[in-house]
Amino acid sequence: MLCELPTADCRRSPLYRDALATTLSRHFPDCELLQSEDLDSTLQQLHGTTIDLLLLDLNMPGSQGLNGLAQIRNDHPAVPVVVVSGSDKNAVVQQAAGFGASGFLSKTAETGEIVQCIEKVLAGEQWFSAEALESSEEIALAERLGRLTPQQLRIFQMIAQGLLNKQIAYELEITEPTVKSHVTAILRKLELRDRKQLIREAQSLIQL
């Protein structure tokens, strides 16, 4: 079994990462642990290695909240992802589920819960609080985001960063009319009225 640990805020909370690594090593002695520093290095590991389970910190540099999860699910849909977060608000759990995560762990989770979660996910099941998933509003938005193509998702992320169409076109080396076409498709797929609403929804995902 090959697992990748969340290392997003390791510089601020190294004790959590070390404790999690110790827990996994103790309860899953055959597990080889990999670590990455940001979203880019995580994607590189996923491209170059067969990962059985990814533990993803929502605060990972470059991840921009749930946008990082969305990109990982787009690029590597077969890799089960357990989201790890310091916030266990229902909205965060709901959107993580909607984006295709297989499980959710709060950083306050006890050892027994961590072990059960990983065992369930590796067995092909899911690990979410039933209470957190009672409301479907947040999940609906996340599921609609799953309809975006990888290029549309990148544009969505850039819009969340406040980039204009001209800037997006330059960064992606495409024409501005092409960007506008993608934005129109994004609005349609997300069932949003205009760019202002799109920006609001995109930024809300970053701020989780």
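Quick notes
- For segment 78-181, accessible area per residue (1.4 Å probe, heavy atoms of protein chains only), Å²: 50
- Annotation: for a label point projected 7 angstrom from Cα along Cα→Cβ of Ala123, residues of segment 78-93 with backbone N closer than 18 Å are 80-82.
- Under 18 Å from Lys166, Cα to Cα: lysines that are on another chain or at least 8 residues apart: Lys180, Lys196
- Karplus (6.51, -1.76, 1.60) ³J(HN,Hα), θ = phi - 60°, over segment 180-190, in Hz, Gly and Pro reported as x: 4, 5, 5, 4, 4, 5, 5, 4, 5, 5, 8
- Element breakdown for segment 49-143 at a 1.4 angstrom probe: carbon and sulfur atoms account for 43% of the accessible area.
- In terms of the mean number of neighbouring beta-carbon atoms within 10 Å, the peptides 63-69, 46-52 order highest first as 63-69, 46-52.
- Length gained on full extension, Asp194 to Ala140, computed as 0.36 nm times the residue gap minus the Cα-Cα distance: 17.6 nm.
- Close amide H contacts of Asp57 (hydrogens built in the peptide plane, cut-off under 5 Å, sequence separation of 5 or more or a different chain): Thr7, Ala8, Val84.
- Exposure here means at most 14 other Cβ atoms within 10 Å; with trypsin sites (Lys or Arg not before Pro) in a DSSP loop as sites, the longest stretch of the chain lacking them is 13-88.
The values are calculated or read from the model by the stated rules, or taken from the named source; none is laboratory data. In this text the structure is predicted, and so the values were computed from the model without any measurement. Every residue, glycine as well, gets a Cβ built from its backbone with ideal geometry; the counts of neighbours run over all protein chains shown. Only protein heavy atoms, including side chains, enter the accessible area calculation; ligands, DNA and RNA are left aside. Shrake-Rupley method; radii C 1.70, N 1.55, O 1.52, S 1.80 Å.
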